[in-house]
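For reference, the structure is listed below as structure tokens.
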Amino acid sequence: MSRPLEVCTTVAAFRAACDRLRAEGGRLALVPTMGALHRGHLALVEEGRRRAANVAVSIFVNPTQFGPNEDFQKYPRPLERDLELCREAGVRVAFTPTPEEMYPRGERTRVHVSGLTDALCGPFRPGHFDGVATVVTKFFAATGPCVAVFGRKDYQQLQVVRRLAADLLLPVEVVGYPTVREPDGLALSSRNAYLSAEERLRALSIPRALSRALALHAAGERRAGALRRTVLEFVEPAATRIDYVTVADADELRPYADDQRVGERPLVALAAFVGTTRLIDNVVASEDNSPVPTPP
Ligand code: AMP
């Protein structure tokens with residue numbers, strides 16, 4: 001018989017629920033999300049269930065990781081549907097706090113992970129990763145998870161979380177789960193809901209570009225500039241605006257200059273607007289399979 005989902009809105013109730021689950025004896029996994037759950041999120045939950053007896057999910061649109069001109073207000077919040085999906089997925093406890101609960105009056109603390117946030121999305125979203133690092137630290141403190149599952153779709157975020165957990169000596173295993181994609185290659189994202197049918201088609205240039213970069217790398221291309229230009233060739237005609245296309249070291253996230261040679265597993269990452277929707281995607285050569293399924 002599946003056990004019921006407990007929904008907590010306060011840190012105190014959530015902490016008590018997590019304490020009870022840990023007292024049952026098994027490991028506890030945490031999957032932090034901003035809700036509007038899709039198959040990508042649910043794959044993280046499944047991974048959590050493989051690695052732990054119980055899974056907790058946080059659903060919180062975190063205001064401190066949004067810039068003033070970003071989509072905090074309009075971000076989708078289908079809470080009842082999300083909770084139903086959590087129930088079906090066997091999640092034991094969902095944490096759905098208010099911003100006031102997560103950021104008590106007078107709060108002044110931010111967690112900053114230096115270096116890893118200098119490139120890629122960092123310059124385009126000032127303060128974003130401080131917001132992420134801060135809220136994830138709070139979730140870790142409230143949950144006490146043995147394991148936390150994050151998507152490689154947000155590769156820079158994953159590296160930031162890995163680093164903060166190690167640096168702050170947090171006793172949590174941070175797991176990175178591969179990007180879940182639509183059959184045509186588009187990475188699942190809550191923000192895909194903003195795309196019109198025509199924009200959705202244009203967005204396919206992103207996985208196609210990354211797929212091409214992977215193929216070139218597999219064929220022996222090691223010039224960073226060649227990999228970068230290939231991605232740009234695909235994405236430039238389709239995107240409304242490109243924030244960046246970066247080839248970087250997959251661990252330290254240091255960008256390669258175009259005239260440098262990459263190693264065996266470079267990260268190829270990009271952020272681009274299609275219409276008014278900002279999409280991000282990435283691959284790590286030698287680790288990711290082709291993001292676009294090969295036609296039969
Ligand atoms: P979000 O709700 O967008 O903050 O995402 C919550 C978690 O789900 C993050 O760890 C994301 O990296 C992960 N995630 C989002 N989209 C995907 C996807 N398509 N595949 C795998 N994980 C994902």
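Taking the Cβ of A29 as the centre, find all other residues whose Cβ is under 14 Å away and add up their charges (Lys, Arg: +1; Asp, Glu: -1).
Result for the neighbourhood of A29: +2.
What do you get for Rg/Rh of the range 145-288 when both radii come from the Cα atoms and Rh is the Kirkwood radius? Can you show the working numbers first?
On the way: Rg = 15.6 Å, Rh = 15.8 Å.
Result: Rg/Rh = 0.99.
With every protein chain present, what is the per residue accessible area of the chain (1.4 Å probe, Å²)?
Per-residue value: 47 Å².
Could you derive backbone 3J(HN,Hα) for the range 133-145 from the dihedral phi with the Karplus parameters 6.51, -1.76 and 1.60 (θ = phi - 60°), listing whole Hz in sequence and x where the residue is Gly or Pro?
Coupling constants for the range 133-145: 4, 5, 5, 5, 4, 5, 5, 4, 5, 6, 8, x, x Hz.
How much accessible area does T109 have with a 1.4 Å probe, in Å² rounded to the nearest 10?
Approximately 100 Å² of T109 is accessible to the 1.4 Å probe.
Within the chain, what whole-number % of the accessible surface is contributed by carbon and sulfur, with the 1.4 Å probe and all protein chains included in the calculation?
Carbon plus sulfur share of accessible area: 52 percent.
Roughly how compact is the range 133-206, stated as its Cα Rg over 2.2 N^0.38 Å to two decimals?
For the range 133-206, the normalised Cα radius of gyration is 1.38.
What whole number of Å gives the distance from the Cα centroid of the range 17-54 to the Cα centroid of the range 252-296?
Measuring centre to centre over Cα atoms gives 28 Å.
Roughly what % of Cα-Cα distances in the range 87-167 sit above 23 Å, to the whole percent?
28 percent
Just to confirm a number: summing +1 for Lys and Arg and -1 for Asp and Glu over residues other than T98 whose beta-carbon lies under 15 angstrom from that of T98, what do you get?
Cβ neighbours under 15 Å give a net charge of 0.
Using the Kirkwood formula on the Cα atoms of the range 71-223, what hydrodynamic radius do you get, in angstrom to one decimal?
The Cα-based Kirkwood calculation yields 18.3 Å.
Near V284, within a Cβ-to-Cβ distance under 11 Å, what is the net charge of the other residues, with Lys and Arg +1 and Asp and Glu -1?
In short, -3.
Can you put Y194, Y244 in order of accessible area, largest first, using a 1.4 Å probe?
Y194, Y244
At a temperature of 25 °C and a viscosity of 0.890 mPa s, determine how fast the range 162-202 diffuses translationally according to Stokes-Einstein, using the Kirkwood radius over alpha-carbon pairs as Rh; express D in µm²/s, rounded to the nearest whole number.
Value of D from the Cα-based Kirkwood radius: 187 µm²/s.
Once phi is turned into ³J(HN,Hα) by the Karplus curve 6.51 cos²θ - 1.76 cosθ + 1.60 with θ = phi - 60°, what whole-Hz value does each residue of the range 85-97 show in order, with x for glycine and proline?
5, 4, 4, 4, 7, x, 5, 8, 9, 10, 10, 10, x
What translational diffusion coefficient, in µm²/s and rounded to a whole number, does the Stokes-Einstein relation yield for the range 13-100 at 25 °C and a viscosity of 0.890 mPa s, taking the hydrodynamic radius as the Kirkwood radius over Cα pairs?
Taking Rh from Cα pairs, D becomes 179 µm²/s.
Where a ≥ b ≥ c are the square roots of the eigenvalues of the C-alpha gyration tensor, would you call the chain rounded, which needs a/c under 1.5, or, failing that, prolate if a/b is larger than b/c, or oblate?
prolate
The values are calculated or read from the model by the stated rules, or taken from the named source; none is laboratory data. Predicted, not measured: the structure shown is a model, and the values here were computed from it. Every residue, glycine as well, gets a Cβ built from its backbone with ideal geometry; the counts of neighbours run over all protein chains shown. We work out accessible area using only protein heavy atoms, side chains counted, and drop any ligands, DNA or RNA first. Shrake-Rupley method; radii C 1.70, N 1.55, O 1.52, S 1.80 Å.
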